[in-house]
Amino acid sequence: MAEKLLNRTLEQRERLPEKILQFGEGNFLRAFVNWIVDTMNKKLDFKAGVAVVQPIDRGLVDMLNDQDGLYTLYLNGIKNGKAVSEHQVIDCITRGLNPYKQYEEYLAIGESKDLKFIISNTTEAGIAFNENDKLDDAPQQSFPGKLTALLHKRFQKFGGSKESGLVFIPCELIDKNGIKLKATILQFADLWNLGDDFKNWIEQDNIFCNTLVDRIVPGYPRDKIAEITQELGYKDNLVVEGEQFHLWVIEAGKAVSDIFPADQAGLNVIFTDNQTPYRTRKVRILNGAHTTMVPVSYLYGIDTVRETVEDEVMGKFAKDAIFEEIIPTLDLPQEELEGFANDVLDRFRNPYIKHFLISISLNSNSKYETRVLPSLLEYTKRKGTLPEKLTFALASLIVFFKGDRNGTKIDLKDDQDVLELYQKVWSEYDGTAAGAKKLVSEVLAYEKVWKQDLNKVEGLTDKVAGYVQTILTDGMEKAVKAIL
């Protein structure tokens, strides 16, 4: 018998007022933002419906409408020290809109008194100015273009009243995302000559929050959907999987936390006047640990993040790098940093996610520059000595880009110029200590990646060259044990 498609039954609960307009219907927003709103509705009687806009001409809103906005979320991971998989139906989405087919209906939401929040996740490239967008396009191509048109409609409907201003909570993974979104809207206001009154209303009566979001969302569980369908007893084309961990840092004052009280629903949502330390913490500890462990662990013979942290030797390497060399460079309270680091290690151990090191190795050089190098330089500045593990990871990265793991070719993925640099230096390497130093000097001098000549960091060239030579001579297993 064919399973019934998930949708609302006849005992449909009261229709929620559409307080939130959400740009984006993808896995992340459904496993993160909509789950948070759903939790607030259930725990705090928040009573917020979410109207979802498909930001590009192809998307999932038809599937979403077929299921009356309902879908099943599986949260899998370590919770209170135990591996937990749990699922629930999320039911805060009222409808999905495709502005490429329903432009007038889309604009009409801007004229609603219920509307209070705009939430978005249109990828890192989504908050961009498109000078070809016009006010009378139906719709505009860019997300900020569509949004500006809707806001202008709202401005006209309510005469630019203070009360009609909205709160913007973008989730795009770019720094100062709220500031960037506001600046792009003001660019459109100038391009379309919308007037100073409109611009003043945007500036003074609307609140744009910078945010940081954090949850790993593997998405639709294609490989096990048959058994999930059997377990659920209904068909759901929009099942989404996320990890247990979640964090939302929102740079906003009491005016926002009072009307969007997610922190009062037992959720890991932080309202702060400065999200930068939290962003730095995530980039240095979570992303930095990933980038530090990849070349070392892969050359050691391990393939996944979970196996890395569960291995006696590599687990110690990763933990020491985080607690002894990364945390001492950060300025949040020690307890908070260690708590976050322990959460990160739990996330790495998640038995439900298979995170391959080789997939994280994409563009490893620029990742090292943004995620690990700041910790290495700050540690050196504060302690007057180079951090062993982070320096060893740099040497391992250079050896990784030789492209060989125990006789097997590594599928290297990086910018072409970076690949050419490594090809050149490794082809010239003669196997001597002097040759290792020459090779390392050339790599560290490549300012296009490092944004500086790393040979100028006292002792770094010699230390890295020494490690490179040791890895090549003794093998990774012996080399990593030696520094532990």
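The values are calculated or read from the model by the stated rules, or taken from the named source; none is laboratory data. This is a predicted model, so every value here is computed, not measured. Positions of Cβ are generated from backbone atoms using ideal geometry, with glycine treated the same way; all protein chains shown enter the neighbour counts.
Miscellaneous remarks
- Test: residue in region 130-141 that is surrounded by 14 or more Cβ atoms within 10 Å (Cβ to Cβ) and either in contact (Cβ under 8 Å) with a residue 60 or more places away in the chain or closer than 20 Å to LEU16 by Cα (or both): no
- Within region 190-205, being assigned to a helix (DSSP H, G or I) and either touching a Leu at 6+ places or on another chain (Cβ under 9 Å) or farther than 18 Å from LYS157 by Cα (or both) holds for ASP190, LEU191, PHE198, LYS199, TRP201, ILE202, GLU203, ASP205.
- The residues of region 142-182 that are in a loop (DSSP other than H, G, I, E, B), buried (at least 16 other Cβ atoms within 10 Å of the Cβ) and either outside the structural domain of ILE127 (by TED's automatic domain parsing) or not hydrophobic (A, V, I, L, M, F, W, C) (or both), listed by number, are SER142, GLY160, GLY165, GLU172, LYS176.
- Restricting attention to region 176-208, the residues that are closer than 29 Å to VAL240 by Cα and more than 17 Å from the chain's Cα centre (by Cα) total 2.
- Per this entry, VAL217 is counted among residues that are part of a loop (DSSP other than H, G, I, E, B) and either among the β-branched types (Val, Ile, Thr) or modelled with pLDDT under 95 (or both).
- Matching option when the condition is under 18 Å from LEU16 (Cα atoms) and surrounded by fewer than 17 Cβ atoms within 10 Å (Cβ to Cβ), among GLU111, GLU124: GLU111
- Of all the residues in region 205-231, those that are farther than 20 Å from GLY26 by Cα and without any contact (Cβ under 8 Å) to a residue 12 or more places away in the chain number 4.
- Helices (runs of 4 or more DSSP H) fully within region 254-358 counting 1 or more residues that are farther than 19 Å from LYS79 by Cβ and not assigned by TED's automatic domain parsing to the domain that holds PRO221: 276-281, 288-300, 305-310, 312-320, 334-348
- Restricting region 277-302 to residues that are more than 16 Å from VAL344 (Cβ to Cβ) and touching a helix residue (DSSP H, G or I) at 6+ places or on another chain (Cβ under 6 Å), the residue that is surrounded by the fewest Cβ atoms within 10 Å (Cβ to Cβ): ILE302
- So LEU337, is it within 28 Å of ASP415 (Cα to Cα) and crowded, with 19+ Cβ neighbours inside 10 Å: no
- Pairs meeting the criteria (first residue in region 94-105 and assigned by TED's automatic domain parsing to the domain that holds GLN22 and exposed (fewer than 15 other Cβ atoms within 10 Å of the Cβ), second residue hydrophobic (A, V, I, L, M, F, W, C) and not in a loop (DSSP other than H, G, I, E, B), beta carbons under 8 Å, at least 6 apart or on different chains) are GLU105/LEU97.
- Boolean, LEU115 is in contact with a strand residue (DSSP E or B) (Cβ under 7 Å, 6 or more places away or on another chain), farther than 27 Å from PHE245 by Cα, part of a loop (DSSP other than H, G, I, E, B) and not small (Gly, Ala, Ser): yes
- Residue within region 166-183 that is polar (S, T, N, Q) and under 23 Å from PHE32 (Cβ atoms) present: yes
- Hey, VAL256 aliphatic (A, V, I, L, M) and at pLDDT below 95 or not: no
- Filtered by the rule that a residue be closer than 22 Å to ASN365 by Cα and either among the basic types (Lys, Arg) or touching a Lys or Arg at 6+ places or on another chain (Cβ under 7 Å) (or both), region 310-329 gives PHE317, LYS319, ASP320, ALA321, GLU325, ILE326, THR329.
- Among the residues of region 21-64, those identified as of a type in the set (D, E, K, R), under 23 Å from GLN244 (Cβ atoms) and surrounded by fewer than 23 Cβ atoms within 10 Å (Cβ to Cβ) are ASP38, LYS42, LYS43.
- One residue alone among THR391, THR380, THR408 is among the polar types (S, T, N, Q), over 14 Å from TYR298 (Cα atoms) and surrounded by fewer than 22 Cβ atoms within 10 Å (Cβ to Cβ), and that residue is THR380.
- Scanning region 69-87 for residues being surrounded by fewer than 18 Cβ atoms within 10 Å (Cβ to Cβ) and either of a type in the set (Ser, Thr, Tyr) or out of contact with any strand residue (DSSP E or B) (no Cβ under 6 Å at 6 or more places or on another chain) (or both) gives a total of 7.
- Residues that are assigned to a loop (DSSP other than H, G, I, E, B) and more than 21 Å from ARG281 (Cβ to Cβ), drawn from region 360-398: SER361, LEU362, ASN363, GLY384, THR385, LEU386
- Screening LEU386, LEU394 for residues that are closer than 25 Å to THR329 by Cβ, touching an Asp or Glu at 6+ places or on another chain (Cβ under 9 Å) and not hydroxyl-bearing (Ser, Thr, Tyr) leaves exactly one candidate, LEU386.
- Reported count of residues in region 41-59, each being farther than 14 Å from ILE90 by Cβ and within 26 Å of the chain's Cα centre (by Cα), is 8.
- Region 253-271, residues that are farther than 16 Å from ILE118 by Cα and either in contact (Cβ under 8 Å) with a residue 40 or more places away in the chain or in contact with a strand residue (DSSP E or B) (Cβ under 6 Å, 6 or more places away or on another chain) (or both): ASP263, GLN264, ALA265, GLY266, LEU267, ASN268, VAL269, ILE270, PHE271
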